[in-house]
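Presented below is the structure to which this report refers.
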Amino acid sequence: MREPAVQRASPLARYLFIAYVLLIAYASLHPLSAWHDPGVPPLAYLESFWPRYYTRFDIVSNFLAYVPLGLLAVGALYPRIRGIAAFLLVSVAGAALSLSLETLQNYLPSRIPSALDVACNSAGAATGALLSLYLSPRMIGRGVLFHLRYDVFARGHIVDVGLVLLAGWLLSQLRPESLLFGNGDLRFLFGALPVNLYDPSTFIRIEAIVTAANLTAVALLLSLLVADNGPRRLLFLLLLAAACLVRMLAFMVLFEGRHALAWLTPGATAGLLIGVPVALAAMSLRRGTAIGVCGVLLMAATALVNLAPANPYLVVAHQAWYQGHFLNFNGLTRVVSTLWPFAALAFLSMYGARALNAASRPERGGRL
């Protein structure tokens, strides 16, 4: 198989950058409601650099949130724009994005714009851009990420979109009040079901099915992205380990370290014990069958998530998670978790359509 050119651009870096910008915008403007005119000049907040109330956590989190933005932006520009030009462009763009979002916060009663936030965001974007000047040529141009992308995963932009989707799945595990891997919760639209609708044993079975079905669906989704001879089962186990670590992190933030495994409920444990071997076996399915099975599992698991009553333990936990806000992370993870299965279903439809088109035109090499 012929290697891509060393200086080839990375569509994956561009898709990740676009996704991260959208996440930053949503987190900065959450909850996107009750817009109003404050009656002051939009940039009046810049006249007072130090806000009346601020914490070290706010400064650090605002800085760190924009570091990945700078990293991804330089990677997205590489190799068309490199060096000092890329650093200056990304630094200015990062500052402009922060200034725009902070200015829009004027019109949200729940948000307070701050010149200090703009400075921290801008510094974070510049720091990320500076790091990426060194990392991008080595990781994208001829480094480990370059070879991982083109040696382990299949070719095509659709695969890059799928990898971004899996990154979103990992992010959704930071929502601690959901069932394990239980995305697509729309109960806020029609109200939660009574807690006493099911007895505890039925609730445990529902959680086990949701966990196992979603885990198998994610394994099938991953298998569609891996090259024919790629280590798909190893990658699945690594992805599962990463998801469990992310889940532990969410509960450590919420409950402190001694409750890092509070998410490992009887239902979640049963779902993992069932889901892991089933998922590993399902990864042997042909791609066409895998697309259909993955879609059915996603729809069934999402339906069960919305039929199950809210877990009272996790509801109370959710109420305790409003001390300090990391980019209004709760609202961000909620929207990612809610939309993820529907985005996955749309991806499966797009992947299936491209696969059919590639199969009908063998002269193009069957590429996706």
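Some points to look at:
- Counting other Cβ atoms within 10 Å as a rough exposure proxy, the listed residues LEU224, LEU356 run LEU356, LEU224 from fewest neighbours to most.
- Efficiency of FRET from Cβ geometry, LEU307 and VAL246, R₀ 45 Å, rounded to 0.05: 0.95
- Residue exposure sequence - GLU177, GLU47 - by fewest surrounding Cβ within 10 Å: GLU47, GLU177
- Under 16 Å from the ALA44 label point (7 Å along Cα→beta-carbon), backbone N, region 101-137: 103-115
- Summarising the amide proton neighbourhood of VAL226: residues at separation of 5 or more, or on other chains, whose placed amide H is nearer than 5 Å comprise ALA154.
- Here the extension length gained between ALA358 and ARG155 equals 71.8 nm, from 0.36 nm per residue of separation less the Cα-Cα distance.
- Fewest-first sequence of VAL67, VAL74, VAL40, VAL152 by Cβ atoms within 10 Å of each Cβ: VAL40, VAL152, VAL67, VAL74
- Pairwise label distance in nanometres, PHE57 with LEU88, each label 7 Å out on the Cα-Cβ vector: 4.0 nm
- Dimensionless Rg ratio for region 11-149, taking C-alpha atoms and the 2.2 N^0.38 Å reference: 1.14
All of the numbers you see were taken from the coordinates with simple rules; none came from a lab. None of these values were measured; they are calculated from a predicted model. Positions of Cβ are backbone-derived with ideal geometry, glycine not excepted, and every protein chain shown enters the neighbour counts.
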